[in-house]
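Report on the following structure.
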Amino acid sequence: VAGIKGMFLANKKIDNQVKTFITYNKGRDWSLLQAPETDLRGNPVHCVLPYCSLHLHLKVSENPYTSGNIASRDTAPSIIVASGNIGTELSDSDISMFVTSDAGNTWRQIFEEEHSVLYLDQGGVLVAIKHTSLPIRHLWLSFDEGRSWSKYSFTSLPLFVDGVLGEPGEETLIMTVFGHFSHRSEWQLVKVDYKSIFDRRCAEEDYRPWQLHSQGEACIMGAKRIYRKRKSEKKCMQGKYAGAMTSEPCVCTEADFDCDYGYERHSNGQCLPAFWYNPSSLSKDCSLGQSYLNSTGYRKVVSNNCTDGVRERYTAKPQQCPGKPPQGLRIITSDGKLTAEQGHNVTFLVQLEEGDLQRSLIQVDFGDGIAVSYANLSSTEDGIKHIYQNVGIFRVTALVENSLGSDNAVLYLHVTCPLEHVHLSLPFVTTKNKEVNATAVLWPSQVGTLTYVWWFGNNTEPLITLEGSITFTFSVEGMNTITDTKTIAVYEQFQSLRLSFSPNLDDYNPDIPEWRRDISRVIKRALVEAIGISSKHILVAVLPGLPTSAELFILPYQDATGQNKRRAADLEQISETLIQKLNQNLVHFELKPGVQILVHAAHLTAAPLADLTPSHSGSAMLMLLSVVFVGLAVFVIYKFKRKIPGLNIYAQMQNEKDQEMVSPVSQRESIPNVPQSELMSPEQLVDEKLEVQPIG
């Protein structure tokens, strides 16, 4: 209701019946509307509360040209005009118009049919136009707040009324009627000015005081308000609205208070906690040493202006927060995840259901040897940040304690490192039915727990392991694939040769797999052109690391029938030809214009290298050189042992053993580069008697 604070009208459905209620204290108390004592003709209306009352249609118009079912104005706070009916419930039939001039305490019937009502001159003039589909010529005016109505003509020809609009302004006495004379005519606007009806402006003696009340109760929303109203018998123009004459606060009573949050009003009128509400829950978020408002179950109605009285008794009281031991401690990550990346910030949040973090000691152990402590909440409001340098599953513990107790919580965090590169290390060629080791080389090396899926050849099911290395054998010769990325050649016999290159090749070696694959194809093409053999006989693989080296595999060629055309003798012949060409510097290729690379032979073996990493290749070379030097030292000792005095006794003691261990075949195999004429026969070794002489 416009103009009166805290006053509302509402329709409520009770037992399938819609009834109209009114409140004067913002919904704290509701009551039915008292029906008029008499009808429009003065006949008494027999309607007794609560069985019978007045019910109103509360549809406010959204169209500015119509007034809707109910209307009230700020400048006329006591006047309400609405359509409705009298009975047990609201009905859409038998609708009449009703008006109240005392803010809903009493009502009067003004029309038996629906009308549009306009407020002019602050409610000093009420204009009513009938709702009808027929053309009309008359309207009704009331100068005494709807107690009596006069009929006036506003047009000479009947007009189909489409809408009525009052001119803006508080002092307006002008209204405009919109309509048409016939369904084919244009829209007509009829302007009605009522200023000529009044011959003067109202003076002070033309007004009387009127006190707002609710069925005799003068205190509305904690105040007594007295308004100035024009006397009903005075016919003068009011002018500008002055509002309430006086407003005096009232002493607070129980009616000025409503039930607080979580409380419900029982049949005895008291506000008691609802079944779902725990009043002590307010202190859970309370910090030790602070205070909170302990509700009494009541709160003063919003905008209520009452003072003193029961205000102190019903107002919430400040109360010191009780001290509690920490309970319900939780430690979580800010994103709610249990995983994190190595080297990135992880934000931990410490939460406590009961207790005060601000007055507690907080200790957090990150599980990687680092722990922190905080003495107040301000240090953990934005979370506790930590960076893990290693991967793994870490046990993060939090401890909160105060003088009354302690609580702890545990979080397991899985720290991982994104896997950027995987390299599968395995021989390029292997022997049939011989165990081969395949190792997955990861970068970075520590990425946490991984699952390895191995695919062999055309198998329909993979092998799944948690280890990055497996051992397997191939029983069928030919080219085999592993995990669709690596190819390994399997043969009963083959030979391999280590290749080296001109030192200038190292200047262009970026040591990446793509470059090694491209150079391997270039070297293979150069070998095929220099020797004139089929490309299917050889396989070249450039090894990682510096200096640049490669492994050359000489393979038995297999035709379409599956029969080996080349056997061991053929492989040896191809190997000798390759070594001869390489030693003669006949194998070379052009890396780029002006850059020639020579290919050299390092050594020939009967099996491929099983480990092709640079560090292991260096170890193999070191071992090979050690064997060569030991063999050379043995040869020198045998060759010149008589010229070394200190070895005479040792040579004599080992004479028989040398006869058993040394043979012409073993001599030739262990010293392939020594001429036949320089080798000693077993008989010569036996005949060579050494003289033992004492020394000193």
Exercise. Is there a residue in region 116-124 that is assigned by the TED database to the domain that holds residue 72 and among the acidic types (Asp, Glu)?
Worked result: no
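Which of the residues spanning region 490-508 are part of a strand (DSSP E or B) and of a type in the set (D, E, K, R)? Spell out the reasoning first.
Filtering region 490-508 down to residues part of a strand (DSSP E or B) leaves 490-491, 495-501.
Answer for region 490-508, where residues must be part of a strand (DSSP E or B) and of a type in the set (D, E, K, R): just 498.
So which residues in region 39-57 are touching a residue at least 12 places away in the same chain (Cβ under 8 Å) and either open to solvent by less than 50 Å² (accessible area, probe 1.4 Å) or assigned to a strand (DSSP E or B) (or both), if there are any at all? Walk me through how you get there before you give the answer.
If we filter region 39-57 for residues that are touching a residue at least 12 places away in the same chain (Cβ under 8 Å), which is where we start, we get 39-40, 45, 47, 49-57.
Of everything in region 39-57, those that are touching a residue at least 12 places away in the same chain (Cβ under 8 Å) and either open to solvent by less than 50 Å² (accessible area, probe 1.4 Å) or assigned to a strand (DSSP E or B) (or both) turn out to be 39, 45, 47, 52, 53, 54, 55, 56, 57.
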For this session: Mind listing just one residue for me: the one in region 572-598 that is touching a Leu at 6+ places or on another chain (Cβ under 8 Å) and in a loop (DSSP other than H, G, I, E, B) and, of those, most open to solvent (accessible area, probe 1.4 Å)?
Result: 585
Exercise. Being open to solvent by 30 Å² or more (accessible area, probe 1.4 Å), of a type in the set (Ser, Thr, Tyr) and modelled with pLDDT of 90 or more, is that true of even one residue in region 137-144?
Worked result: no
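Go through region 532-560 and report how many residues are part of a helix (DSSP H, G or I) and surrounded by fewer than 18 Cβ atoms within 10 Å (Cβ to Cβ).
Of the residues in region 532-560, the ones part of a helix (DSSP H, G or I) are 535-537.
Subsequent filtering for residues that are surrounded by fewer than 18 Cβ atoms within 10 Å (Cβ to Cβ) retains 535-536.
Counting residues in region 532-560 that are part of a helix (DSSP H, G or I) and surrounded by fewer than 18 Cβ atoms within 10 Å (Cβ to Cβ) gives 2.
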Exercise. Taking region 110-129 on its own, how many of its residues are touching an Asp or Glu at 6+ places or on another chain (Cβ under 8 Å) and at pLDDT 90 or above?
Worked result: 1
Exercise. Just wondering, is there one or more residues in region 493-504 that are open to solvent by less than 50 Å² (accessible area, probe 1.4 Å), modelled with pLDDT under 85 and under 44 Å from the mean Cα position of the chain (by Cα)?
Worked result: no
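Taking the stated definitions as given, is residue 271 modelled with pLDDT of 90 or more and either among the aromatic types (Phe, Trp, Tyr) or open to solvent by less than 30 Å² (accessible area, probe 1.4 Å) (or both)? Show your work before the answer.
Working: modelled with pLDDT of 90 or more: yes; either among the aromatic types (Phe, Trp, Tyr) or open to solvent by less than 30 Å² (accessible area, probe 1.4 Å) (or both): yes.
Yes.
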Exercise. So is residue 107 in contact (Cβ under 8 Å) with a residue 40 or more places away in the chain and under 30 Å from residue 32 (Cα atoms) or not?
Worked result: yes
Problem set entry | First in region 341-355 and touching a residue at least 40 places away in the same chain (Cβ under 8 Å) and under 12 Å from residue 330 (Cβ atoms), second anywhere and aromatic (Phe, Trp, Tyr) and open to solvent by 20 Å² or more (accessible area, probe 1.4 Å), Cβ under 9 Å, 6 or more apart | 350/374
Problem set entry | Wholly within region 139-229, strands (runs of 3 or more DSSP E) carrying at least 3 residues that are under 30 Å from residue 34 (Cα atoms) and either touching a strand residue (DSSP E or B) at 6+ places or on another chain (Cβ under 6 Å) or touching a residue at least 12 places away in the same chain (Cβ under 8 Å) (or both) | 207-211
Problem set entry | Residues of region 415-454 that turn out to be more than 30 Å from residue 539 (Cβ to Cβ), touching a Leu at 6+ places or on another chain (Cβ under 7 Å) and either open to solvent by less than 20 Å² (accessible area, probe 1.4 Å) or part of a strand (DSSP E or B) (or both), as a count | 1
Exercise. In region 21-58, how many residues are of a type outside the set (A, V, I, L, M, F, W, C) and more than 19 Å from residue 110 (Cα to Cα)?
Worked result: 10
Seminar exercise, completed: Of the conditions (1) free of Cβ contacts under 8 Å to residues at least 12 places away in the same chain; (2) crowded, with 19+ Cβ neighbours inside 10 Å; (3) of a type in the set (S, T, N, Q), the single one that residue 20 does not satisfy is (1)
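Taking region 329-348, which residues are more than 14 Å from residue 401 (Cα to Cα), part of a strand (DSSP E or B) and open to solvent by 50 Å² or more (accessible area, probe 1.4 Å)?
Correct list: 339, 341, 345.
The values are calculated or read from the model by the stated rules, or taken from the named source; none is laboratory data. Bear in mind the structure is a predicted one, so any value in this text is a computation, not a measurement. Positions of Cβ are generated from backbone atoms using ideal geometry, with glycine treated the same way; all protein chains shown enter the neighbour counts. In case anyone asks, the SASA skips ligands and DNA or RNA and just uses the protein heavy atoms, side chains included. Shrake-Rupley method; radii C 1.70, N 1.55, O 1.52, S 1.80 Å.
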